[in-house]
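Nothing in this text is a laboratory measurement; each read-out follows from the coordinates by a stated rule. Not measured: the values here are computed from a predicted model. Heads up, the Cβs are rebuilt from the backbone with ideal geometry, glycines too, and the neighbour counts pull from every protein chain shown.
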Amino acid sequence: MEYGKGTGNGDNREGWWSATDFRLRFIPVYQTSTDASGWATICLPYSFIIPEGVKLYQFAGILADGSKICLEEVTEPKAGYPYVFHSNTTSTLSFYETGTAVSSAETNANGLRGNFALSAANRYPLNSFVLQNGIWNKVTERFVQESFSAFIYKTTQLPVVAEWNGTTLPLSEAVETAIKSLPTPNTQQPSPTYDLQGRRVSDSQKGVVIKDGKKYPIR
């Protein structure tokens, strides 16, 4: 179209063309930053390319003693899914978005709740946990949620992990877990059997189970 005139029908003749009068309607990049610890959360409506020097994680669960969150690395992000990431290169990062957007965030990915663009009316719930300076801090006074981020809504929604040799992040205070809060065994009756998520199962359950507060492999 002629420069400065947006009402023309265009010119379809063959030849060389250059853009002189246009604007991008969508810039497929999201910029964010981390604190001094290098840790932060992210939840975007698009999938994205993991920046160089960044490791992306999803929740695997919480340790049985309720003290730490267990993280497992992710190499292929999904649209609308909440993640934790760590940068060892810079505090300001650009995430280049790809694919098709989803309309809503995953609200509970193994206990991690994500969100998209928010207003000042959206505040973190009391007793939820927010990642700050490499620690999941308990919310004791409600404050405004950060857009395109994630937080722990309820620790009771976290799968319990008996042992973990991978990456972890501490909670500001330990919380009760299903395994930690098992009832005291009754010596007059057979002790109940639980799976690693703290759910009661039959004595014939296969795999690793919890009995009398200890783990036993059953084959």
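Starting from the Kirkwood radius over alpha-carbon pairs of region 33-132, derive D by Stokes-Einstein at 10 °C in a medium of 1.306 mPa s and give it in µm² s⁻¹.
110 µm²/s
Taking the Cα-to-Cβ direction at LYS206 and at SER147 and moving 7 Å from each Cα, how far apart do the two end points lie in nm?
Once both label points are built, they end up 5.1 nm from each other.
How far apart, in nanometres, would the label points at ALA101 and GLU73 be if each is projected 7 angstrom from Cα along the Cα-to-Cβ direction?
Inter-label distance under the simple model: 3.2 nm.
Compute, for region 29-170, the length of the dipole vector about the Cα centre, with Cβ point charges of +1 (Lys, Arg) and -1 (Asp, Glu) only. Units Debye, rounded to 20.
The calculated dipole for region 29-170 is roughly 400 debye.
Mind checking the alpha-carbon convex hull of region 34-77 and giving the volume per residue in Å³?
97 Å³
Grab the eigenvalues of the alpha-carbon gyration tensor for region 73-144, scale each by 5, take roots, and send me the semi-axes largest first in whole angstrom.
Values for region 73-144, descending: 22, 17, 13 Å.
What distance in nm separates the simple spin-label points at TYR30 and ASN133, each placed 7 Å from Cα in the Cβ direction?
2.6 nm
Kindly flag which residue pairs out of LYS138/LYS206; LYS55/LYS206; LYS78/LYS206; LYS154/LYS211 have an alpha-carbon separation exceeding 30 Å in this structure.
Distance filter (> 30 Å) returns LYS138/LYS206; LYS55/LYS206; LYS78/LYS206.
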